[in-house]
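What follows is a set of notes on a single structure, which appears directly below.
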Amino acid sequence: MWGFAGWTRPWRAEQVVSVVWCLSLTPLFLKKGEGIKFVDLKTFPQESGVVTFHCTLNKDNHGLIGIEEFSLMKPAAFFVNTVQKELKEKGGLIEAFKKGKISGVALDTFTDKLLNSPIAEIDKVIITPHIGVHTLKANIK
């Protein structure tokens, strides 16, 4: 899923990206061709080996992905969330792991509570602080 912040991601990873679902951008805004297929939210997890989110959190995408969408994913798929945790429906990610619906997870945003939750105990989970917007200049200040 690509929000405005991540609209260039398909071309940065053009060798692997083939399925795109957009909430806020129309496919007309993005380049056509290049082997990229635009699909709806129900088709997106079914056809993707890696489901990755690059968007800002807003009222339209709060709780966007949950157990229903995770259950549609390929069992060997990976889920990568680089945005706020509220994008996911509460409990959906852990439930998907328990049911074997996903193979791995990378979370680029977390709270102290997440570090003490069942998700942190799963071997196939990578958790990093949200540092994507940190620049050297901002960190020095």
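The values are calculated or read from the model by the stated rules, or taken from the named source; none is laboratory data. Small disclaimer: the values here were computed from a predicted structure and weren't measured. Using ideal geometry, Cβ is built from the backbone for each residue, glycine included, and neighbour counts are taken over all protein chains shown.
Worth pointing out:
- Just one residue in the set Leu30, Leu57, Leu41, Leu25 is of a type outside the set (Asp, Glu), modelled with pLDDT of 75 or more, in contact with a helix residue (DSSP H, G or I) (Cβ under 9 Å, 6 or more places away or on another chain) and assigned to a loop (DSSP other than H, G, I, E, B); that residue is Leu41.
- With a requirement of 3 or more residues that are within 16 Å of Phe44 (Cα to Cα) and modelled with pLDDT of 70 or more, the helices (runs of 4 or more DSSP H) lying completely within the stretch 66-131 that satisfy it span 67-72.
- Verdict on His134 being at pLDDT below 70 and farther than 16 Å from Thr52 by Cα: yes
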